[in-house]
1. Do we have any residue at all in region 88-101 that's within 16 Å of ligand 2 (Cβ to nearest atom), hydrophobic (A, V, I, L, M, F, W, C) and under 21 Å from ILE10 (Cβ atoms)?
2. Condition test on PRO4, is it in contact (Cβ under 8 Å) with a residue 24 or more places away in the chain and closer than 19 Å to HIS291 by Cβ?
3. List the number of the failed condition for SER225; all other conditions in (1) among the polar types (S, T, N, Q); (2) closer than 30 Å to GLU16 by Cβ; (3) within 16 Å of ligand 1 (Cβ to nearest atom) hold.
4. Read through the list (1) in a helix (DSSP H, G or I); (2) within 28 Å of GLY227 (Cβ to Cβ), then give the number of the only condition that GLY161 fails.
5. Taking region 198-228 as the search range and keeping residues that are buried (at least 22 other Cβ atoms within 10 Å of the Cβ), more than 16 Å from ligand 2 (Cβ to nearest atom) and of a type outside the set (Val, Ile, Thr), which one is nearest to TYR131 (Cα to Cα)?
6. In region 274-293, which residues are touching a Ser or Thr at 6+ places or on another chain (Cβ under 8 Å) and not in a helix (DSSP H, G or I)?
7. Of the residues that sit in region 107-151 and are away from ligand 1 (no atom under 16 Å from the Cβ) and acidic (Asp, Glu), which one is farthest from ASN288 (Cα to Cα)?
8. Do we have HIS146 as touching a strand residue (DSSP E or B) at 6+ places or on another chain (Cβ under 9 Å) and surrounded by fewer than 21 Cβ atoms within 10 Å (Cβ to Cβ) here?
Amino acid sequence: MATPRHFLTISDFSSEELNYVIERAIQLKAIHQKGEIYEPLKNRVLGMIFEKSSTRTRVSFESAMLQFGGGAIFLSPRDTQLGRGEPVEDTAKVLSQMVDCVMIRTFSQEMIETFAENSSVPVINALSDMYHPCQILADVQTYVEHRGSIQGKKVAWIGDGNNMCHSYITAAKLFGFKLHVACPPNYCPNEALVVTAGKEHVEVCHDPAQAAAEADLVTTDVWASMGQEEEQNKRARAFEPYQVNTMLMSLAKSDALFMHCLPAHREEEVSASVIDGEQSVVWGQAGNRLHSQKALLEFLLLGKK
Ligand code: CP
Ligand code: NVA
């Protein structure tokens, strides 16, 4: 049995493969918008394990499979034996005989990696505490649609050095952009990832103005991620100077875009004036989850078209 390809982090794909997926996502979006029926995954099934909440990820993956002629099964730990302690290894060996691909949203990256090691079908990371690689595909697709290639551009990450930030760090080298992270001192991203990316691709500072200066893209995320709810008040105090607002956006290039993976908290990490303003592309960004994940599923299950 050949080892399947997985998408557990952005660096599981080469630059060339990532750029292929982005171009293919744009093509698949055009096919969808023309109303053409395209069913390359007829009779194929995606298993979707969700140990955390989701709106965009669940609906985009499920719709992608239905529109591709296949189906998707939503699996929550409440209803499966995973929630009663069945080992991840055993679950992977069983499920991967029944479905063609598995998507997992969970807390630990290790759980996803263990699942993938024991799976005979491709596994997709749909968010862990460490990474959120699917969101990067939609973000880069959105940038390309609005401004062309992201290569050589300045991207500002303002806020928490979290799972989204880690995926931006990993993406910087592979897509060839320069990432400037501005985070509070106690909320820095994983040091090893920053070192691996190299200074020519990632710089970390504590000054949002410095990170946002002359940026082509400004992006942020919630101050307390899923699982950190009890830290909300402490985090709100630490992150207060890191709000993306009109003043901060004015330091970026005049044609800079604003992105947010959503869900957003207005007047916390982003002001309403920015997220609902002219530079914001968050709605198209969210919609592109459908198209970029279609491209990802097609690539993992069928290879290049
Ligand atoms: N951005 C994102 O992954 O959204 P959901 O949590 O709604 O899936
Ligand atoms: N950092 C956020 C992203 C949600 C899509 C979280 O993990 O909750």
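The values are calculated or read from the model by the stated rules, or taken from the named source; none is laboratory data. Keep in mind that what you see is a predicted model, and the values were worked out from it rather than measured. Here Cβ is always computed from backbone atoms with ideal geometry, including for glycine, and neighbour counts include all displayed protein chains.
1. At the first step, the residues of region 88-101 found to be within 16 Å of ligand 2 (Cβ to nearest atom) are none.
Taking every residue of region 88-101 in turn, none turns out to be within 16 Å of ligand 2 (Cβ to nearest atom), hydrophobic (A, V, I, L, M, F, W, C) and under 21 Å from ILE10 (Cβ atoms).
2. On the way: in contact (Cβ under 8 Å) with a residue 24 or more places away in the chain: yes; closer than 19 Å to HIS291 by Cβ: no.
It is false that PRO4 is in contact (Cβ under 8 Å) with a residue 24 or more places away in the chain and closer than 19 Å to HIS291 by Cβ.
3. All conditions pass for SER225, except number (2).
4. (1)
5. Here is the first cut: in region 198-228, the residues buried (at least 22 other Cβ atoms within 10 Å of the Cβ) are 202, 208, 211-212, 215, 217-223.
Now narrow it down to the ones that are more than 16 Å from ligand 2 (Cβ to nearest atom): 202, 208, 211-212, 215, 217-218.
Now narrow it down to the ones that are of a type outside the set (Val, Ile, Thr): 208, 211-212, 215, 217.
Details: PRO208: 22, ALA211: 21, ALA212: 23, ALA215: 23, LEU217: 20 Å.
Result: LEU217.
6. First, pick out the residues of region 274-293 that are touching a Ser or Thr at 6+ places or on another chain (Cβ under 8 Å): 274, 277, 281, 284-285, 288-290, 293.
Passing the criteria: GLY277, VAL281.
7. Once the filter is applied, the top-ranked residue is GLU117.
8. On the way: touching a strand residue (DSSP E or B) at 6+ places or on another chain (Cβ under 9 Å): yes; surrounded by fewer than 21 Cβ atoms within 10 Å (Cβ to Cβ): yes.
It is true that HIS146 is touching a strand residue (DSSP E or B) at 6+ places or on another chain (Cβ under 9 Å) and surrounded by fewer than 21 Cβ atoms within 10 Å (Cβ to Cβ).
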